[in-house]
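Data block below; observations after.
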Ligand SMILES: Nc1ncnc2c1ncn2[C@@H]1O[C@H](COP(=O)(O)OP(=O)(O)O)[C@@H](O)[C@H]1O
Ligand SMILES: [Mg+2]
C-alpha cells in the first residue's frame, strides 16, 4: 500500500516537473511556477512517508521548488556559474516567526561588517554558522539577512562543491568566492554544510581533503580583509560532524532552536496566511503543537487548508480543464477539526533525543 502510494506520487512528481520545465522553456514562467509549487507539495508528501535519512533531502527539494519563480530564478551565464545559485532573496524578517534571539544575533552580525568607519576594537564577524534542528528557519534567516543587506546571494550546495571530477571542485570554489568578491555586498550561503565532512569520513579522500583546505583558505582570506563586504554563512543540522578546524573558522555560531510557544503562535499566523479561524485561535494552536518545527507547522497549515478545500469542493478531482477555469473555489474559516486532522497526519520531525544532542554540543563549544 505504502509502496503503491509512493510510486504514484513519484509519477505525479515527474509529470509536474516535466510540465514545469517545458513551460519554463517556452517562456511561460508564471504557469511554470504553479507546477513547481505542486511539485514542491508532492516532495513534501513523499518526505513524510519516507525514512528520516531520506526525508531531509526531500524536504530540501520541496523548499527549493516552493521558492522557484520567474523573478527569483537562478541567473547564470557560464557552465560553472550554473552550479552557484545567484539571486536576490525576498524573504523578510516578518516572514520568520519567533526566533527572537537568533534573529537579533544574525542581524547584528551582518550589519557590523557593512559599517565603514568603525573603531579598531569593534570585532567584525564575517563568518557565521547557523546550527540547529532541521526545519527551524536557518535557510530563511540567511535569506532575510541577504535581503536586508540588499546583498547578492550566492548559494552553493555543499554537494556541488564536492564535484566528482578532478579539479572541478577547486574551480567551483574559486569561482564562488571570486564572484562574491566582485559583486559586493554579497552573502555566500553554504546549506547542509555538514555533508562536506561526511564525505571526508567516508573515505578520507585526497581530493576532498584538498577541497576542504581550499575552503578554509578562502574563508581565512576574508577574515583578515577588514573592508570586504562579504558575509559567509553556513547552515547545518549536524554540527557534530564538523571538525574543529572548520568550526573555529566561524566567528559567530548561532543556535536556531525549535520554536517555543510564542514563536509557534507567530509561525501559525504566518502560515494560515490570512485565512480566518473559527472556534480556535493561533494561541490555542501554539499550545497543542509543542515539539513541532517551523516546517512541521507550515505542513500542518497546508494540510488543514487542503482538508477544508477538499470538504468544500468535493468534485474538485473530477473536473475537466475547462470546468476548472470557470470554477469559483468555495471555502470557509478553518476549524479545530481541520487542525485535529492535520495534526494527526503530520508527525513531529525532531525528537527530544536530538534536541539533547544540540544542547550537549553547545555545552562543549569552546568559543
Ligand atoms: N521560524 C519560522 N517561521 C516561519 N516559517 C518557518 C520557520 N521555520 C521554518 N519555517 C518553514 O519551514 C520551511 C523550511 O525552513 P528552513 O529555513 O529551510 O529550515 P532549516 O534551514 O532550518 O532546515 C520554510 O520554508 C518555512 O515554510
Ligand atoms: Mg533549509
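Values for this structure:
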{"item": "Tally of residues being part of a loop (DSSP other than H, G, I, E, B) and farther than 17 Å from residue 98 by Cβ across the stretch 251-268", "result": "1"}
{"item": "Top-ranked residue in the stretch 339-358 [being free of Cβ contacts under 8 Å to residues at least 40 places away in the same chain and within 20 Å of residue 305 (Cβ to Cβ); ranked as surrounded by the fewest Cβ atoms within 10 Å (Cβ to Cβ)]", "result": "344"}
{"item": "All positions within the stretch 128-185 that are farther than 30 Å from residue 356 by Cα, modelled with pLDDT under 85 and within 16 Å of ligand 2 (Cβ to nearest atom)", "result": "160"}
{"item": "Residue 361, sole failed condition from (1) within 27 Å of residue 266 (Cα to Cα); (2) surrounded by 12 or more Cβ atoms within 10 Å (Cβ to Cβ); (3) touching a residue at least 60 places away in the same chain (Cβ under 8 Å)", "result": "(1)"}
{"item": "Residues of the stretch 164-197 classified as without any contact (Cβ under 8 Å) to a residue 24 or more places away in the chain and either surrounded by 18 or more Cβ atoms within 10 Å (Cβ to Cβ) or in a loop (DSSP other than H, G, I, E, B) (or both), total", "result": "3"}
{"item": "Hey, residue 316 modelled with pLDDT under 95, surrounded by 10 or more Cβ atoms within 10 Å (Cβ to Cβ) and in contact with a helix residue (DSSP H, G or I) (Cβ under 8 Å, 6 or more places away or on another chain) or not", "result": "yes"}
{"item": "Subset of the stretch 18-36 (residues that are crowded, with 18+ Cβ neighbours inside 10 Å and under 19 Å from residue 60 (Cα atoms))", "result": "20, 33, 35, 36"}
{"item": "Test: residue in the stretch 264-271 that is at pLDDT 95 or above, out of contact with any helix residue (DSSP H, G or I) (no Cβ under 8 Å at 6 or more places or on another chain) and more than 24 Å from residue 40 (Cα to Cα)", "result": "no"}
{"item": "Some residue of the stretch 137-154 being farther than 12 Å from residue 90 by Cα and over 11 Å from the mean Cα position of the chain (by Cα)", "result": "yes"}
{"item": "Residue that is within 16 Å of ligand 1 (Cβ to nearest atom) and over 14 Å from the mean Cα position of the chain (by Cα), where the choices are 162, 176, 129", "result": "129"}
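The values are calculated or read from the model by the stated rules, or taken from the named source; none is laboratory data. In this text the structure is predicted, and so the values were computed from the model without any measurement. Here Cβ is always computed from backbone atoms with ideal geometry, including for glycine, and neighbour counts include all displayed protein chains.
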